[in-house]
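The values are calculated or read from the model by the stated rules, or taken from the named source; none is laboratory data. Small disclaimer: the values here were computed from a predicted structure and weren't measured. Backbone-built Cβ (ideal geometry, glycine too); neighbour counts: all protein chains shown. Just the protein is used for accessible areas: all its heavy atoms, side chains included, with ligands, DNA and RNA removed. Shrake-Rupley method; radii C 1.70, N 1.55, O 1.52, S 1.80 Å.
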Amino acid sequence: MKWILYVLAAWSTLVIGLFLASLSSNHLIQGLVMSGLVIPIILYLYQHVYRLTGVKPMAPVYSWKRLHHFISGVILAIALASLGFFIGNFQGWIDFEKWHPSEQWFIALTLNILFAFFYEALPEELGLRGMLYDVLRYRFSAWLSVLLQTLLFVAFTIAVGQLQVLVGLAPGVSINFFYIILIFCFGICLQLLRLWTGSLWTSIGFHLTYLEIMRFAVSPHQYGVPPIITYHESVPGIGTLFSICMMIIGGILVSLVILGVKRFIRKST
């Protein structure tokens, strides 16, 4: 039953870390608290997980030796988002109006990348798609582990929101049916990315790039600077919805195809 304790420990660490970080309105402090609390604890727990499973890989999924896969995640997210914009424009759903010069948004984008990396992408991927999946995989099949990890991801988001409401804070996100479906699919996408590359850095790169595309292209105007691109939607919200679907559903489909091909090659040899 040790595996259950490790699941609870990792999940609780993520919930408490994000909740405590959200108590500050300063992005620097939020990033420092979230990563400063979550990363050391998860890495410590990981050593116990290795003893539980009896297997300690030479290069763990979070190893710096796998860092090059970060670029794979970044490129895939950008490619899928670009494809979504192209298809949307071709279908007449999106009409591009203006590309804004980089000097108007580059500094804000760079600062937000640093914030999102330490506050969201790195600690969440290490805890959820990293340790939690590995513990679940020790006990269950790969596909059931993916599902259970994703449900824990949804529960993690809801739990933090409830804690914020409990202490009188506005929840960081609006929890509704659409958002739950969104993060459920997002969790599956990120886990599958890790599976076919064998590296957590792919998930981190995709997660981070997804956030920045959403904040500076799809749903901009949050940081007081012009977006990377301005476009008009034939139906309000259709561009946002289609872009999200292209990145998340596209990421799932690409991963499933690659995993299927790899399985076919293994069986053939």
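I need the full set of residues from the range 207-230 which are among the aromatic types (Phe, Trp, Tyr), farther than 30 Å from Trp143 by Cβ and buried (at least 18 other Cβ atoms within 10 Å of the Cβ), in order please.
Phe216
Where the second residue is of a type in the set (Ser, Thr, Tyr) and surrounded by 12 or more Cβ atoms within 10 Å (Cβ to Cβ) and the first is farther than 15 Å from Phe106 by Cα and in contact (Cβ under 8 Å) with a residue 12 or more places away in the chain and lies in the range 219-238, which pairs have Cβ atoms under 8 Å and are six or more apart or on separate chains?
Filtered contacts from the range 219-238: Ser219/Thr240; Glu233/Thr240.
Tally time: how many residues in the range 86-112 are open to solvent by less than 60 Å² (accessible area, probe 1.4 Å), within 27 Å of Gly172 (Cβ to Cβ) and assigned to a helix (DSSP H, G or I)?
Looking only at that region, the number is 4.
Identify, from the list Ala108, Ala121, Ala159, Ala155, the residue that is within 30 Å of Val235 (Cβ to Cβ) and touching a helix residue (DSSP H, G or I) at 6+ places or on another chain (Cβ under 8 Å).
Unique residue meeting the criteria: Ala108.
What are the residues in the range 234-268 that are open to solvent by 40 Å² or more (accessible area, probe 1.4 Å) and not in a helix (DSSP H, G or I), if any?
Matches in the range 234-268: Ser234, Val235, Pro236.
Hey, any hits in the range 147-155 for a residue that's part of a helix (DSSP H, G or I), among the small types (Gly, Ala, Ser) and open to solvent by less than 10 Å² (accessible area, probe 1.4 Å)?
No: the range 147-155 contains no residue that is part of a helix (DSSP H, G or I), among the small types (Gly, Ala, Ser) and open to solvent by less than 10 Å² (accessible area, probe 1.4 Å).
Name the single residue, out of those in the range 1-28 being hydroxyl-bearing (Ser, Thr, Tyr) and farther than 15 Å from Pro123 by Cβ, that is surrounded by the most Cβ atoms within 10 Å (Cβ to Cβ). Please lay out each step first, then the result.
Narrowing the range 1-28 to residues hydroxyl-bearing (Ser, Thr, Tyr): 6, 12-13, 22, 24-25.
Filter once more, so that each one left must be farther than 15 Å from Pro123 by Cβ: 6, 24-25.
Values: Tyr6: 20, Ser24: 13, Ser25: 7.
So the residue we want is Tyr6.
Checking Leu195 against (1) open to solvent by 10 Å² or more (accessible area, probe 1.4 Å); (2) closer than 26 Å to Phe85 by Cα; (3) of a type outside the set (Lys, Arg), which single condition isn't satisfied?
For Leu195, the exception is condition (2).
Matching residues to (1) closer than 24 Å to Pro60 by Cβ; (2) among the aliphatic types (A, V, I, L, M):
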{"position": "Phe153", "(1), (2)": "yes, no"}
{"position": "Gln162", "(1), (2)": "no, no"}
{"position": "Val165", "(1), (2)": "no, yes"}
{"position": "Ala170", "(1), (2)": "no, yes"}
{"position": "Ile183", "(1), (2)": "no, yes"}
{"position": "Ser203", "(1), (2)": "yes, no"}
{"position": "Leu208", "(1), (2)": "yes, yes"}
{"position": "Glu212", "(1), (2)": "no, no"}
